[in-house]
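Let me begin by presenting the structure, written as structure tokens, before commenting on it.
The values are calculated or read from the model by the stated rules, or taken from the named source; none is laboratory data. In this text the structure is predicted, and so the values were computed from the model without any measurement. Reconstructed Cβ throughout: ideal geometry from the backbone, glycine too, with neighbour counts over all protein chains shown.
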Amino acid sequence: MLIILFLTKPEFIKKILPPPLQPPEIPLGLVYVANFPKTTLKQSYHEAAIFLDTQFEGKPGNYCLTMPVDNDMAMVQGRELVGFPKKMAEISLEKRGKGLSVESPAEG
């Protein structure tokens, strides 16, 4: 699994968030890419996501912008049962030496 935390700008977050969500004082985001080799789906799959920290009525929260997956059952379960914005995509996650390589075509 690869997890990246990043600092962005409140004005960027404000453009993206649906009302009534607001950017927090410290505008953080999180990106992750994961390989799930053993699941209850009986198939492995890859998943990625982008989350932004938010506020609602002064309380902290998170907003998921997108969550691509490469397995249709993972997409259906996560989208229909939990409400995540999952969509099908091509995702590859490979170890390369001491690092990781992640690829996902823009329209994949």
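Test Lys38 against the stated conditions and say whether it is at positive phi, surrounded by fewer than 13 Cβ atoms within 10 Å (Cβ to Cβ) and either assigned to a strand (DSSP E or B) or more than 18 Å from the chain's Cα centre (by Cα) (or both). Before the answer, list the steps.
Working: at positive phi: no; surrounded by fewer than 13 Cβ atoms within 10 Å (Cβ to Cβ): yes; either assigned to a strand (DSSP E or B) or more than 18 Å from the chain's Cα centre (by Cα) (or both): yes.
No, not satisfied.
With respect to Phe56, determine if the residue is of a type in the set (A, V, I, L, M, F, W, C), without any contact (Cβ under 8 Å) to a residue 60 or more places away in the chain and surrounded by fewer than 14 Cβ atoms within 10 Å (Cβ to Cβ). Considered against the rule, which asks whether it is of a type in the set (A, V, I, L, M, F, W, C), without any contact (Cβ under 8 Å) to a residue 60 or more places away in the chain and surrounded by fewer than 14 Cβ atoms within 10 Å (Cβ to Cβ), Phe56 comes out as yes.
Within segment 24-31, at least one residue is without any contact (Cβ under 8 Å) to a residue 60 or more places away in the chain and closer than 18 Å to Leu93 by Cβ.
Give the residue that is modelled with the lowest pLDDT, with candidates limited to residues of segment 35-61 that are within 26 Å of Phe12 (Cα to Cα) and among the small types (Gly, Ala, Ser). So the residue we want is Gly58. No other residue among Arg79, Arg96 is among the basic types (Lys, Arg) and under 18 Å from the mean Cα position of the chain (by Cα) apart from Arg79. Here are some residues: Gly61, Gly83, Gly99, Gly29. Which one is at positive phi and not basic (Lys, Arg)? Of the residues listed, the single one that is at positive phi and not basic (Lys, Arg) is Gly83.
Looking only at segment 1-35, filter to residues that are aliphatic (A, V, I, L, M) and part of a loop (DSSP other than H, G, I, E, B); which one of those is nearest to Ala74 (Cα to Cα)? That would be Met1.
Among the residues making up segment 62-96, those that are loosely packed, with under 13 Cβ neighbours inside 10 Å and either touching a helix residue (DSSP H, G or I) at 6+ places or on another chain (Cβ under 8 Å) or modelled with pLDDT under 90 (or both) are Lys87, Glu94, Lys95, Arg96. Under 7 Å by Cβ, and 6 or more places apart or on different chains, what pairs join a residue from segment 82-95 that is of a type in the set (D, E, K, R) with one that is part of a loop (DSSP other than H, G, I, E, B)? Taking only residues 6 or more apart or on different chains, the pairs are Glu90/Asp70; Glu90/Ser104; Glu90/Pro105; Glu90/Gly108.
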